[in-house]
Amino acid sequence: MTDSVLEGTAPPRGLTHVEPCASLTSENNDTWWRRAVIYQVYVRSFADGNGDGIGDLAGVRAHLPYLEELGVDAIWFTPWYVSPLADGGYDVADYRAIDPTFGSLEEAERLISEARALGIRTIVDIVPNHVSDQHPWFRAALASGPGSPERARFWFHPGRGASGDEMPNGWVSNFSGPTWTRTRNPDGTPGEWYLHLFSAQQPDLNWSHPEVRAEHEAILKFWLDRGVAGVRIDSAALLVKDPALPEVPPEPGPGQHPNTDRDELHEIYRRWRAVADSYPDSRILVGEIWLPDIERFAKYLRPDELHTAFNFDFLARPWDAASLKASIDSTLVAHAPVGAPATWVLSNHDVTRPVTRYGQADSAFAFATKRAGTPTDLALGRRRARAAALLCAALPGSLYIYQGEELGLDEVQDLPVHQLQDPMYLRSGGEDPGRDGCRVPLPWAGTCRPFGFSPTGATGEPWLQQPDRWAALTVEAQENDPNSMLALYGAMLRIRRSDPDLGDGGLRWLPSAADVLAFARGDGFLCITNFSGAPIGLPPGCSVLSTAEAKAPGAIHPALIDACGVRRIGPDVTITSAPRTAASASRAIVTSIPWRLWTPAAKAATRPGSGSYARIVARPGRTARSASTWNVPCTPQARIASTDDSGRARCRADTADAAAVRTPVIQVASITAMGTPVAGSLRMRRPVM
Ligand code: NOJ
Ligand code: CA
């Protein structure tokens, strides 16, 4: 066998032990958000209830049991408000009404309470930086003319130059192009310019105006009164601008950027926090904050400001052990002093789907360098995405899952051009591929489009065309496949939910090789991620619930370790399994993705016979209830066995001796499952490779 991952390897690199500041994390009954699993629903693409090809609230309501079964604690809805959809709903015309395409306010209220009855909280998206150009305030501002109180709520400004035809400054839009659009006066002559950090249909609000502040506090209360558990704050670091509108310096110092991360923002969020805290149970504020300066980032998470913020630094990192470890370390170090839990996010409606990203030679993410058309190895990307999911689930803090991530959907990079509508694509003249490719409607069932996204007899096609290859990725196709991404997410979330050492807390790095990340949570939970191309051995006493795909070769596969102690390994294997709650049990998550796919060369580089599989089935009636998941280094040559809840086990036998795979080599002298001793034996069956 290969050496244990924890033996004879390099000393730990960097930080070894991070615990949050105890005084700031004293537990109360309402700290659900510190360890929550939050599922992002992009309503337009989740499920279509009325058959017009666009997702809606009826579709979400119909699929709430799916989310309950998946095991999520909360749903974050991207904007569902009345909107012309110039930016997928982030151009809000009415913050207190649901867009009729999606449903009605009454239906949203029903959805919130139906979800709550299933134990799922609701988080809504608040968009404070800008409104739609169809918002009554902006229409009034255009109609009222220069110098009017209506215009004071926005950033109207005369142009530069003798005739005012130069923009007030040279700020560049987050969607490329200028941040200023010129208006026309009622008599048709060119008028003032207005500021928009995003598209021209999203005019920026002036947050030094008291009515802007009061209105958003009222919107916050409006939704909290409807029972939502929190809000996600869009573009949270952009609201405040330097009123002098200076150019952006080449390297702005802390707090010196004229439109990002200005110090005055903190006072706004303190007021919001006071509003949230005035409600009886924990209502949370989650910031969308893209900031390279992690210390500035953490300032938003002080105890009287936001509860959490998305960790984009981790999301943007390439699939590389050292880089991800550095991000984990700096994240935890920055969060500890303010007592906020970290968040772990692999994807959302703005970024390239991880299966695609991780399948590329450069697997980092940056808006500026999105690489549509780059050669992509989806099989490799999918295996890395599986490993990344398990890694994230084991890290301290809360976890976000973007719809379709649990299905392993890839970025759709060949959408019909006439369907593309993201302003990132349109405003860049197609240079930026845009974000439509990660927003394609979910495949639920069936073998052809719309894959159950719309009901039978639908009148409209899905608003973005699903690829045929998604027939293999529907919920229906995955739910009965123990090797599917969906099964992996389900198993992962079940363990995460039931294990007190997971979620909030600290971690302890364990010594490991340079291309392996290994850390402990609590006394017995290990997470091991193998980034190398070779198998790694496990520490003694671990038990693994393997999630390997049947033919994924060459390494220890993505795997979860259940509460089961292997007491002695040998030809006469003695196993004592324990209830999941047993403090002494060894548990771990093990993930592994080789750098390259299984090729003859890779095979030659590993031991002969590596990658053989055999199915092991417990003798009927001998496996007690659902607890008997075990990892048996079943012979000196064989490693990793797992059972599913019905007691079936899978063993990957690393032996050159094919006969050994076919021979009943495993004897289990005694098994204690869920605390009940039973005697049984296991026998090998049917090698599958
Ligand atoms: C961030 C949102 O996630 C994105 O989708 C949107 O385009 C911008 N903010 C502007 O609202
Ligand atoms: Ca619909």
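All of the numbers you see were taken from the coordinates with simple rules; none came from a lab. A quick note: this is a predicted structure, and the numbers were derived from the prediction, not measured. Virtual Cβ from ideal backbone geometry, glycine too; neighbours counted across all protein chains shown.
The orientation-averaged shadow of the Cα convex hull for the stretch 338-418, equal to a quarter of the hull surface, comes to 6.6 nm². Near residue 94, the amide H atoms lying under 5 Å from its own belong to 82; only residues 5 or more places off or on other chains count, and H is placed 1.01 Å from N.
Net charge around residue 327, counting only other residues with Cβ within less than 12 Å of its Cβ (Lys, Arg = +1; Asp, Glu = -1)?
On the way: positive: 317, 325; negative: 313, 320, 329.
In short, -1.
Altogether, the Stokes-Einstein calculation at 10 °C and 1.306 mPa s, with the Kirkwood radius of the stretch 66-129 over Cα pairs as Rh, returns a diffusion coefficient of 127 µm²/s. Separation of the stretch 402-454 and the stretch 174-226, taken as the distance between their Cα centroids, equals 28 angstrom. As a proxy for reagent exposure, 257, 196 were ordered by neighbouring Cβ count within 10 angstrom, fewest first; the result is 257, 196. Gyration tensor over the Cα atoms of the stretch 168-317: the corresponding equivalent ellipsoid has semi-axes (square roots of 5 times the eigenvalues, largest first) of 29, 21, 13 Å. For the pair the stretch 510-534 and the stretch 334-397, the centres of their Cα atoms are 18 angstrom apart.
The share of C-alpha pairs in the stretch 242-341 whose separation exceeds 21 Å stands at 43 percent.
Could you give the size of the charge dipole of the stretch 256-327 about its Cα centre, using +1 on the Cβ of each K and R and -1 on the Cβ of each D and E, expressed in debye and rounded to the nearest 20? Don't jump to the answer; show the numbers that get you there.
Working: 10 positive and 13 negative charges, 19 e Å.
Using only the charged Cβ atoms, the result is roughly 100 debye.
Listed by chain and number, the aspartates and glutamates placed with their C-alpha closer than 16 angstrom to that of residue 241 are 204, 261, 263, 264, 267; residues fewer than eight positions away on the same chain are left out. For the pair the stretch 45-65 and the stretch 88-123, the centres of their Cα atoms are 12 angstrom apart.
Could you sort 66-74, 455-463 so that the peptide with the highest average Cβ count within 10 Å comes first and the rest follow in order?
66-74, 455-463
Excluding residue 39 itself, what net charge comes from residues whose Cβ is under 10 Å from its Cβ, given Lys and Arg +1 and Asp and Glu -1? Let's see the in-between values first.
Values: positive: none; negative: 73, 405, 406.
Summing Lys/Arg as +1 and Asp/Glu as -1 gives -3.
Couplings for the stretch 298-310, taken from phi via the Karplus curve 6.51 cos²θ - 1.76 cosθ + 1.60 with θ = phi - 60°, read 5, 4, 5, 9, 5, x, 9, 10, 6, 6, 8, 8, 5 Hz in order; Gly and Pro are left as x. Candidate cross-link partners of residue 325 among the aspartates and glutamates, defined by an alpha-carbon separation under 15 Å and a same-chain spacing of 8 or more, comprise 313, 515. For residue 117, neighbours were defined as the other residues whose beta-carbon sits under 11 Å from its Cβ, and their charges (Lys and Arg +1, Asp and Glu -1) total 0.
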